[in-house]
Amino acid sequence: MRQPKQSAEVKNIVGKLKRHFGKTLENATKEELYKASAICIRDEIIDKWVAANAQVEKRGLKRVYYMSAEFLMGRAYTNNLVNLGLKERYQKAFSSLGLDLDDIAWQERDAGLGNGGLGRLAACFLESLATLDLPAIGCGIRYEHGLFRQKIVDGEQVEMDDNWLEDGCVWEMERPDEEVEVRFGGHVEEFWDEAGMHAVHKDYSTVIAVPYDMPVVGYESKMPATLRLWSARSKDPFDIKTFNQGQYLQAMQEKELAESICKVLYPDDNHEQGKILRLKQFYFFTSATMQSMVRSHKERYGDLHTLPSHVVVQINDTHPTLAIPELMRILMDQEGYTWSEAYNLVSRIFNYTNHTILSEALECWDENMFRALLPRIYSIVQEINQRYCERLNRYYPGDMDRISDMAVVAYGQIRMANLCVAVASHVNGVSQLHGEILKNRLFADSYKIYPRKYLAITNGITHRRWLAVANPGLTALMTEYIGDGFIKDYTQFEKLMDFVEDEAFLAKYAQVKKENKVRLAQYLQRTQGITINPDSIFDVQAKRLHEYKRQLLKCLHILYLYNALAENPNIITTPITFIFAAKAAPGYARAKNIIRLINAIGDLVNNDPRSKDKMQVVFIENYGVSIAELLIPATDISEQLSTAGLEASGTGNMKFMMNGAITLGTMDGANIEIFDEVGKDNIYIFGANIQQISQMQAHKSYRPGELFEKNLHVRDAINRLIDGTLPGVSAHQFSDLYQSLLFGDFDGADKYFVLYDLPSYIHRFAKAYALYCDNSQDWYKKAAINTAKSGFFSSDRTISEYNRSVWKLEKLK
Ligand SMILES: *Cc1c(COP(=O)(O)O)cnc(C)c1O
């Protein structure tokens, strides 16, 4: 029988199948086909990677070390194909074998080494750095278990293990030759000689840090970035000599310490608990990164005085802050620098990005715990603090309250944000509003002394992953109308403005949206057995579950609509699908109860004959990068409901906008800048702004109870929480939520102003909904304007701003 001629890709895959798995096309599993083809793709990347890194070294280019405890990478496969320009060839190769490329790509496990926006930002930044040919290395932790997988069982969240490395990871490469030792515990002895004071660290436990490098491929770029994740290994736990010296127990302790460090990612988003294991994780990866940074600089340039010309470090939130005292330690204890020489270098290298002003998220460590775990680092932090407070005392003489507010060590706590602010050369917020909040509130006293330290650089998203990969339909349509230059050059999104009134274009734009809805519906049918209607409007709130993000506001709105429908069946003409996707931190009881509420509302609304053909409530399990890639392109309304002042930026809002969802949101974070870009007619804004919220807080003038009495809609919606009409739960299930809205905890009722904003939300939703029903041409015009104006939110723009004002890297030419 004659075989059709095999393409180069197929031949290549066949070769890898044989060598790596001893299989042929006929008996290979999908997973083996995925791996074999991924190895082919990896080969192409490595050639580039090696050549580019050699160039960077030869030319002595400066590198940014982007340090982050989280990198929410998702899958690499399709992204690599798109960025290498190979997607069509592999698509053809697989279809010649009767297979679908997407199906192969979904064999990969998501690298879910992050909680939400902060980790995803780090991933987007690496991709943009690579695309812009800027030398970069991302440094983090190789957690063996990523963020838990979420199942919904009887309406409740159930957490399951994410053992993402179970079947190996094709993209990573172990670098045993670059191992370093990280030391914990013990004590410090100080002694003086003619050269000054010396510190000697004794009786510590050692953990070996082993780096695993992964290339992050940019679009049409010369240089993949490197993601370096550190894994912990114990130091020869069965070393017979140690045993014989009677140190069996210490050896076993070291083994246990090593094995626990990289086990699991903490599943809290915007919440710090001061856990000792978390401190170990942070010191582990920051120490390893600083040691390897110093070592590679010395190998190349010999002299550490030139360090600031060749490296710059960006600290993603406070998690990597220990890199600062760790570099001080290396410079003084190992390299013999004086305090002031070392401090001078360190203060030129580090920069800090703040991500939140929520007090429960600001990282503080118990002083005693910190000292016991990291005695040498503790003494350096003390010294930094002492000298800093002396400086502060010159600006605020005798103002002890202010100085202890700003201090790094105070009241038995070590405050990481204050350490960053004390030492970093730049401190930035992640949206314009957030930058203002840092200057005027959180770090106001520091800002008055060092105004030039403070910057606001609005976050961004890589439009390769969030458009070119996630939404091939829209990408093809844009390419048809404006060419494909926008993939490399975000300023070209604007060219779409020429077509936003073009009927043929809008019809195709609507068609793409429809196809994306069908794609999502098929996924939900296949995975959760849920049927949704692709002809309904898709209203989506997808993000971590947190009270400040106000999924509860959306719940009350749905209950309001359900109540209203009973009185007037005509208020809903086009059916609405309300889609939620959110993981709650396993220890965050109220957040988990809100998930239970969403599902109870679903049971009520989806089964009542009066409502079930008009509205449907759906909870998508296990929100993560890959599900976001399916969900966001299918969305019509993007729900961005945070209480004004509390969402530092948001990046989900940007992904939705780019994919033609219209934002229904508050004047918060980057929503404000979306408003500025699209104009008031192309976004639906509701609720109190930050000034109004601040006023109510300052005057303690907000009384949710009065609102409840006066506004029937509000009252009837809230009463559903406790009147026993929600199916499948006891009457008490949601009384905590009810109480929190009307009476509150120790800190006042309805801390997040849910009831305050509900009437205005109801009103704006109705406006958006009416437009969708009455004038679909106008709706898609607004949607297309959102896409056309989304170029500003490309992380290419963000990275260019960081580079211009902070990093000053040179492109590899
Ligand atoms: C973008 C993204 C986020 C952040 O969403 P916000 O709405 O900005 O909180 C969280 N999780 C995933 C998987 C994302 O892709």
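For the chain, what does -39500 (n - 2.57) per DSSP helix run (n ≥ 4), summed and divided by total residues, give at 222 nm, in deg cm²/dmol to the nearest 500?
So the helix-based figure for the chain works out to -14000 deg cm²/dmol.
Over 26 Å between Cα atoms: which of LYS11/LYS513; LYS592/LYS789; LYS30/LYS508; LYS655/LYS781 fall into that group?
In this structure, LYS11/LYS513; LYS592/LYS789; LYS30/LYS508 exceed 26 Å between Cα atoms.
Given a Förster distance of 35 angstrom, what is the FRET efficiency for SER309 paired with TYR395, based on the Cβ-Cβ distance and rounded to 0.05?
E between SER309 and TYR395, to the nearest 0.05, is 0.70.
For GLY645, which sequence-distant residues (separation of 5 or more, or a different chain) have an amide H within less than 5 Å of its own amide H, given hydrogens modelled in the peptide plane?
It is GLY669, by chain and number.
Going down the table (LYS48/LYS87; LYS782/LYS813; LYS448/LYS554; LYS202/LYS235; LYS488/LYS554), which pairs top 28 Å between alpha carbons?
Correct reply: LYS782/LYS813; LYS448/LYS554; LYS488/LYS554.
Can you give me the Rg/Rh ratio for the stretch 694-813, using Cα atoms for both radii and the Kirkwood formula for Rh?
That ratio equals 1.19.
If you take every DSSP beta bridge whose two residues both sit in the chain, what share of them, in percent to the nearest 5, is antiparallel?
45 percent
Taking the Cβ-Cβ separation of THR29 and ALA476 as r and a Förster radius of 30 Å, what is the calculated FRET efficiency to the nearest 0.05?
The formula returns an efficiency of 0.45 here.
Kindly put ASP723, ASP676 in sequence by how many other C-beta atoms sit within 10 Å of each C-beta, fewest to most.
ASP723, ASP676
In percent, how large is the relative contact order of the chain, given Cα pairs closer than 8 Å and 6 or more residues apart?
13 percent
If N is the number of residues in the stretch 32-117, what value comes out of its Cα radius of gyration divided by 2.2 N^0.38 Å?
Dividing the Cα Rg of the stretch 32-117 by 2.2 N^0.38 Å gives 1.34.
What are the residues whose amide H is under 5 Å from the amide H of PHE753, where those residues sit 5 or more places off or on another chain and H is modelled from the backbone?
Close amide H contacts, sequence-distant or interchain: none at all.
What three numbers, in Å, describe the spread of the alpha carbons of the stretch 318-470 along their principal axes, ordered from the longest?
The Cα atoms of the stretch 318-470 stretch 50, 37, 29 Å along their principal axes.
Under a point spin-label approximation (7 Å from Cα along Cα-to-Cβ), what is the GLU341-ILE46 distance to one decimal in nm?
Taking the two extended label points, one gets 4.1 nm.
If the chain between GLU503 and ASP676 were fully stretched, how many nm would it gain, using 0.36 nm times the residue separation less the Cα-Cα distance?
Value of the extension gain: 59.7 nm.
Using the Kirkwood formula on the Cα atoms of the stretch 601-727, what hydrodynamic radius do you get, in angstrom to one decimal?
17.3 Å
Hey, if you drop one equal point scatterer on each alpha-carbon of the stretch 184-285 and run the Debye formula without solvent, what base-10 log of I(q)/I(0) do you get at q = 0.17, 0.20, 0.21 Å⁻¹?
Treating every Cα as an identical point scatterer, log10 I(q)/I(0) equals -0.95, -1.07, -1.10.
Taking neighbour counts of Cβ atoms within 10 Å as a proxy for exposure, in what order, fewest first, do PHE743, PHE499 appear?
Fewest to most other Cβ atoms nearby, the residues stand as PHE743, PHE499.
Would you calculate the separation in nanometres between label points at SER404 and THR491, each defined as 7 Å from the Cα along the Cα-to-beta-carbon direction?
Taking the simple label geometry, SER404 and THR491 are separated by 5.3 nm.
Across all directions of projection, what mean area in square nanometres is found for the Cα convex hull of the stretch 569-668?
7.6 nm²
Across the stretch 282-328, what fraction of all alpha-carbon pairs, as a whole percent, falls in each successive 10 Å bin from zero upward?
Histogram of Cα-Cα distances, whole percents per bin: 27, 54, 19, 0.
Placing unit charges on C-beta atoms (Lys and Arg positive, Asp and Glu negative, everything else neutral), compute the dipole magnitude of the stretch 262-405 about its Cα centre in debye, rounded to 20.
Around 460 debye, computed over the stretch 262-405.
Label 7 Å along Cα→Cβ of GLU810; the stretch 37-54 residues with amide nitrogen under 17 Å?
52-54
In what sequence do SER425, SER347 fall when counting other Cβ within 10 Å, fewest first?
SER347, SER425
Let me know the charge dipole size of the stretch 169-287 about its Cα centre in debye, to the nearest 20, where only the beta-carbon of Lys, Arg (+1) and Asp, Glu (-1) is charged.
In debye, rounded to 20, the stretch 169-287 gives about 320.
Please list 3J(HN,Hα) in residue order for the stretch 506-513, calculated via the Karplus relation 6.51 cos²θ - 1.76 cosθ + 1.60 where θ = phi - 60°; whole Hz, with x for glycine and proline.
Result, ordered by residue: 5, 5, 5, 4, 5, 4, 4, 4 Hz.
Could you quote the convex hull projected area for the chain, Cα atoms only and averaged over all directions, in nm²?
Orientation-averaged projected area of the Cα hull: 38.3 nm².
Whole number please: convex hull volume per residue, Cα atoms of the stretch 535-607, in Å³.
Output value, Cα hull per residue: 87 Å³.
Rule-based calculations on the coordinates, nothing more; no lab input. Just so it is clear, the structure is predicted and the values come from calculations on it, not from any experiment. For neighbour counting, all protein chains shown are included, and Cβ atoms are generated from backbone atoms with ideal geometry for every residue, glycine included.
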